[in-house]
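The structure under discussion appears below in the form of structure tokens.
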Protein chains: 6
Amino acid sequence: MGQPPISRYPVPRVEDLPDDIRARILEVQEKAGFVPNVFVTLAHRPDEFRAFFAYHDALMLRDSGLTKAEREMIVVATSGANDCLYCIVAHGAILRVYAKDPLVADQVAVNYRKADISPRQKAMLAFAMKVATHSVDVDDDDFATLRSHGFTNEDIWDIGGIAAFFALSNRMANLISMRPNPEFYLIGRVPKVAAG
Amino acid sequence: MGQPPISRYPVPRVEDLPDDIRARILEVQEKAGFVPNVFVTLAHRPDEFRAFFAYHDALMLRDSGLTKAEREMIVVATSGANDCLYCIVAHGAILRVYAKDPLVADQVAVNYRKADISPRQKAMLAFAMKVATHSVDVDDDDFATLRSHGFTNEDIWDIGGIAAFFALSNRMANLISMRPNPEFYLIGRVPKVAAG
Amino acid sequence: MGQPPISRYPVPRVEDLPDDIRARILEVQEKAGFVPNVFVTLAHRPDEFRAFFAYHDALMLRDSGLTKAEREMIVVATSGANDCLYCIVAHGAILRVYAKDPLVADQVAVNYRKADISPRQKAMLAFAMKVATHSVDVDDDDFATLRSHGFTNEDIWDIGGIAAFFALSNRMANLISMRPNPEFYLIGRVPKVAAG
Amino acid sequence: MGQPPISRYPVPRVEDLPDDIRARILEVQEKAGFVPNVFVTLAHRPDEFRAFFAYHDALMLRDSGLTKAEREMIVVATSGANDCLYCIVAHGAILRVYAKDPLVADQVAVNYRKADISPRQKAMLAFAMKVATHSVDVDDDDFATLRSHGFTNEDIWDIGGIAAFFALSNRMANLISMRPNPEFYLIGRVPKVAAG
Amino acid sequence: MGQPPISRYPVPRVEDLPDDIRARILEVQEKAGFVPNVFVTLAHRPDEFRAFFAYHDALMLRDSGLTKAEREMIVVATSGANDCLYCIVAHGAILRVYAKDPLVADQVAVNYRKADISPRQKAMLAFAMKVATHSVDVDDDDFATLRSHGFTNEDIWDIGGIAAFFALSNRMANLISMRPNPEFYLIGRVPKVAAG
Amino acid sequence: MGQPPISRYPVPRVEDLPDDIRARILEVQEKAGFVPNVFVTLAHRPDEFRAFFAYHDALMLRDSGLTKAEREMIVVATSGANDCLYCIVAHGAILRVYAKDPLVADQVAVNYRKADISPRQKAMLAFAMKVATHSVDVDDDDFATLRSHGFTNEDIWDIGGIAAFFALSNRMANLISMRPNPEFYLIGRVPKVAAG
């Protein structure tokens, strides 16, 4: 049936984009070997694009008590709760790479409680899911539980902040019907591919 | 019982903040007569603060087919669905001022279907609520319905984008237990106050 | 768009009502300065009107271990759970007056867990919400918890009874699309107004 | 394990009750052959008892476009939605008697859509269930649908009013853990018993 | 309106069925005095019929730490959660007979927590309901709780297995709109009938 | 942390199993190159094992208006709704192979409405999801909708029957904490592997 569109909205050509956005896209293309659709589809609105990725980077690249793999676990688990295909597939790929584990992304997307992760990581994801789905119930007991697993208050902000940011991201992806690049489905699944 | 804290996290003093953030805060204080707590509580993390307000402004200040009052209706209705006290109270105040209507904010926060707003605005809020609470179900029929009410595709992005952004905002407010300033509760309720 | 109707059903003129109902309405008008719409809209059915207010008075005016402000908290919190605009707005006003607190009604309507009320009052509202939304789960542990906060069994009947009565009231208001009087929105918000 | 109590609260002796309440109870005992537990358990609070049964009678005994069996169907269906054992069992018995149908009560309690009732009665119960479980969504379309089945606006008040009243009744029964009399389980099930 | 059909699908005549299925049906007819509709309606697909009853017998007839009445309690409680009229009515009858208790089936179908059963049986049903409605949350704590009530791991498999099998059965009954035989409604309710 | 167990229950050695079960397992091992864990974990109970696979085969191998890929779509979509990791991963692999499509399984597991499948297949999955999650609502309109997409009544039994059977299967997998074989995660994702 032909290639389905990657967004309900017009997708700008990379060469037509403002310099800073084009540079960011070329950088990720250089690194990944392709341009993830989130970049070109959100570039339809340059100001929102800039704020979106500034927010993303502030949370996902900062020094933190959470590893990069743990941050991606939060993305995948909460995107599973929100039924967001783009984020599950794209961040599932990133999670497999960071965790060097071909199975963990599918496990976390379906049911983190049975994933091959540590009790500390399960506590982290339980809290992230609460922020994602019924944040009104967050209370001091949640903070105490997380601190008993060794998380600092700043780590807890990171957990909740990532869950909150992807609440936005999942809704944008569903709004515009963002389609995952086919490449993501396989990344990190085959040891030789990852190594080669 | 003393004044309850406005955040679970440390609240920086305005004079200690980076210049750009301090300037923004002084500007809003100048305009509103007080500093809304969202500014000082989120300033605990300057990078996230900058991205948050850049995103906010990109959606709420842009030229749009939606009036400013309509944008605030989206904020209030979806914050009601998320049980976010800060956003209902603070943006309820802004909505009353923009709409010059002392009743509409409480109506929209509880049940937009019975609010004194137009059928077009009810269709707008129905879609915003869908993005806020079950965005996985957004489909082409929703776009057709909104276009039948005169919304363009760009207007629909605005509606969905605001609902998505406040999905983030509501979760951050609940995460840090952000407390509304007492001033917000009364703004826009008394005609003379609004006029004076 | 003109004044919207206050009910889906015919609203009787006060002078046409049976003596006892007219007397009650004139009494409340004398006290409040206006006739709350619940009186004239429910007067469409005199027998149900009489039973409704007899039940209301039996619960809300009796000697009780609950203060009048606490009883109104139960009304506002459970009406929030049922999305009943009339009861949130009208009883929110009464709550502000009884509690001499301009903020508590909005807090309790959105999320009683973050309201500026005592732990005892939070336990009271947690139970009221259980009766309002999933009474099938009420069990002996709930009674033990409430007694540990100093409530007697008769107090617990009061809490549950008020939640049950407003389950009826909220549904009637939604059935007939009862509209709150504009006066209620402001009552108890401005100290001077309350005092004057 | 001995006879379980019929209420969490003290149950008054009939001879100790106020005259009007005792008379009502003796009248129902005369008619039914036993005293349904709702009478003696609610008599713990005479004023609420009087208002409760005045409300009940105003709805259930008035001239109406609904038959008595139809009114009991509303009670049984909405009590099923609220998981109220007392009302399902006691009003199921009454429904079997009024409808002269030993099967309809169990059908309506579980799933009215597959009960052996008319399309008009299914529309009536669909609306009653909406009032019982999400009355905030009641709108003009519901009224139009019911009118297309021949219901007048006053009939619709009856439907919604009964659903609303038993929202109260179900919660009171669950609050006090009201136990159905064993007699109710069998009434109306055996043709000979009903006839004899 | 005539006798309603017992299935949305063609119902084979017993004499046209394969020998083994006909024999099974005649055996149950001999024992019960009538042919329960589940047999003739599912016989529309002989292979699925054979597997269905093989599975049923493997769970319901095996040696187990659960009595036959307890197994039927699981069926009735989980069928209540799934709103399956056929299974509530048919297995409610069987439960009354096995338990020699005319009241327990209606109690368990509506709210097992208030049924006249033992704490051990309530723990059993709490777990069965979890398997029936949100099995993803089953965890080691559930096993520990059940073992504290004296259940072995094999008993727990029985509980979960019965809940799982009737998840299938309830859905098939709702799919084909399977109608309970009128006989089931009365079985086990009248002591003399049971004895005679 | 070592290899996690594949079941909460003892897993029999293949050589200790009854002949018919051992033969079945060796057959699937021959075909797949490994023994899927569902076979050895369910073999803990031979009678239930036999009934389970007899039921499976009756539905999944019969002549049908549904292709084998379509039947696996039903398994994957409904297992997604039930959060069953084993079935999503194992049947996702089978679906990729049958559909010769490396992407469709992840799409269907998250949100079939946005999968690259035909409108007829989406109607099929919408009905399967209804049977899986709220079968009480299945009605004649559903049958009419499916027939308008070309499905026969027997096809509809297949759709509903598969959804019902995996309601059982998902619950058993969650009950015993059945773990997917690592091999499944990659099957059908790499064209060369599939071809080789």
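The values are calculated or read from the model by the stated rules, or taken from the named source; none is laboratory data. Computed from a predicted model, the values in this text were never measured in an experiment. Note: ideal-geometry Cβ built from the backbone for every residue, glycine included; neighbour counts use all protein chains shown. Protein only, heavy atoms only, side chains kept; ligands, DNA and RNA dropped before computing areas. Shrake-Rupley method; radii C 1.70, N 1.55, O 1.52, S 1.80 Å.
If only residues of the range D:93-102 that are assigned to a helix (DSSP H, G or I) and either open to solvent by 20 Å² or more (accessible area, probe 1.4 Å) or not small (Gly, Ala, Ser) (or both) are counted, the one that is nearest to the other protein chains (Cβ to nearest Cβ) is D:Arg96. Of all the residues in the range E:11-31, those that are assigned to a helix (DSSP H, G or I), within 23 Å of F:Trp157 (Cα to Cα) and among the hydrophobic types (A, V, I, L, M, F, W, C) number 3. The condition (being closer than 12 Å to C:Met73 by Cβ, away from chain D (no Cβ under 12 Å) and open to solvent by less than 50 Å² (accessible area, probe 1.4 Å)) is satisfied by just one residue among C:Ala105, C:Ala128: C:Ala105. Taking the numbered list (1) part of a helix (DSSP H, G or I); (2) more than 14 Å from chain D (Cβ to nearest Cβ); (3) surrounded by fewer than 20 Cβ atoms within 10 Å (Cβ to Cβ); (4) touching a helix residue (DSSP H, G or I) at 6+ places or on another chain (Cβ under 6 Å) in turn, C:Phe34 passes all entries but (1). Would you check if D:Ser169 is within 30 Å of C:Thr152 (Cα to Cα), in a helix (DSSP H, G or I) and either under 16 Å from the mean Cα position of the chain (by Cα) or within 13 Å of chain C (Cβ to nearest Cβ) (or both)? In short, yes.
Take the conditions (1) surrounded by 24 or more Cβ atoms within 10 Å (Cβ to Cβ); (2) within 7 Å of another protein chain (Cβ to nearest Cβ); D:Ile162 misses just one of them, which is (2).
Taken over the range A:12-31, residues that are surrounded by 15 or more Cβ atoms within 10 Å (Cβ to Cβ) and more than 18 Å from A:His91 (Cα to Cα) amount to 6. Filtering A:Tyr98, A:Tyr112, A:Tyr86 for residues that are over 24 Å from A:Val35 (Cβ atoms) and in contact with a helix residue (DSSP H, G or I) (Cβ under 9 Å, 6 or more places away or on another chain) leaves a single hit, A:Tyr112. A:Phe49 meets the conditions (1) under 23 Å from F:Pro182 (Cβ atoms); (2) open to solvent by less than 30 Å² (accessible area, probe 1.4 Å); (3) free of Cβ contacts under 8 Å to residues at least 40 places away in the same chain; (4) in contact with a Leu (Cβ under 7 Å, 6 or more places away or on another chain) in every case but one. The failed one is (1).
Residue pairs whose Cβ atoms lie under 8 Å apart, separated by 6 or more positions or on different chains, with the first residue in the range F:134-146 and aromatic (Phe, Trp, Tyr) and the second part of a loop (DSSP other than H, G, I, E, B), are F:Phe143/E:Arg8. Taking F:Ala77 as the residue in question, decide whether it is of a type in the set (A, V, I, L, M), in a helix (DSSP H, G or I), open to solvent by 10 Å² or more (accessible area, probe 1.4 Å) and in contact with a helix residue (DSSP H, G or I) (Cβ under 6 Å, 6 or more places away or on another chain). No, not satisfied.
Looking at the range B:37-46, which of its residues are in contact with a Leu (Cβ under 8 Å, 6 or more places away or on another chain) and either in contact (Cβ under 8 Å) with a residue 60 or more places away in the chain or open to solvent by less than 30 Å² (accessible area, probe 1.4 Å) (or both)? Residue satisfying the conditions is B:Ala43 alone. Residue-level check: of (1) aliphatic (A, V, I, L, M); (2) open to solvent by 20 Å² or more (accessible area, probe 1.4 Å); (3) more than 20 Å from D:Asp83 (Cα to Cα), E:Leu175 misses just (2).
Pairing each residue of the range A:98-115 that is at positive phi with any residue that is modelled with pLDDT of 95 or more and in a helix (DSSP H, G or I), provided the two are 6+ apart or on different chains, yields C-beta distances under 9 Å for A:Lys100/A:Ala69. Cβ separations smaller than 7 Å between residues 6+ apart or across chains give the following pairs from the range D:2-31 residues that are within 14 Å of chain E (Cβ to nearest Cβ) to residues that are assigned to a loop (DSSP other than H, G, I, E, B) and of a type in the set (D, E, K, R): D:Pro4/D:Arg179; D:Pro4/E:Asp116; D:Ile6/D:Arg179.
Residues in the range A:136-148 include none that are within 14 Å of chain B (Cβ to nearest Cβ), surrounded by 22 or more Cβ atoms within 10 Å (Cβ to Cβ), over 20 Å from E:Val136 (Cβ atoms) and of a type in the set (D, E, K, R). Within the range A:80-92, restricting attention to residues that are out of contact with any Phe, Trp or Tyr (no Cβ under 7 Å at 6 or more places or on another chain), part of a helix (DSSP H, G or I) and within 12 Å of chain B (Cβ to nearest Cβ), the residue that is surrounded by the fewest Cβ atoms within 10 Å (Cβ to Cβ) is A:Ala81.
Of the listed requirements (1) open to solvent by 10 Å² or more (accessible area, probe 1.4 Å); (2) more than 17 Å from F:Asn170 (Cβ to Cβ); (3) more than 10 Å from every other protein chain (Cβ to nearest Cβ), F:Arg62 misses just one: (3). Scanning the range F:32-46 for residues that are more than 23 Å from E:Phe165 (Cβ to Cβ) and at pLDDT 95 or above yields F:Gly33, F:Phe34, F:Val35. Give me a count of the residues in the range E:149-166 that are in a helix (DSSP H, G or I) and touching a residue at least 24 places away in the same chain (Cβ under 8 Å). Qualifying residue count, the range E:149-166: 12.
Looking at the range E:108-118, can you tell me whether even one residue there is within 24 Å of F:Ser177 (Cα to Cα), among the basic types (Lys, Arg) and open to solvent by 50 Å² or more (accessible area, probe 1.4 Å)? Checking the range E:108-118: not a single residue is within 24 Å of F:Ser177 (Cα to Cα), among the basic types (Lys, Arg) and open to solvent by 50 Å² or more (accessible area, probe 1.4 Å).
Could you pull out the residue among C:Ala69, C:Ala54 that is small (Gly, Ala, Ser), assigned to a helix (DSSP H, G or I) and open to solvent by 20 Å² or more (accessible area, probe 1.4 Å)? Only one candidate passes the filter, namely C:Ala54. Answer yes or no as to whether C:Val190 is open to solvent by 10 Å² or more (accessible area, probe 1.4 Å), away from chain D (no Cβ under 14 Å) and touching a Gly at 6+ places or on another chain (Cβ under 6 Å). No; evaluated as a whole, the condition is false for this residue.
Residue count for the range E:116-126 under the criterion of being touching a residue at least 24 places away in the same chain (Cβ under 8 Å) and closer than 21 Å to C:Val138 by Cβ: the result is 5.
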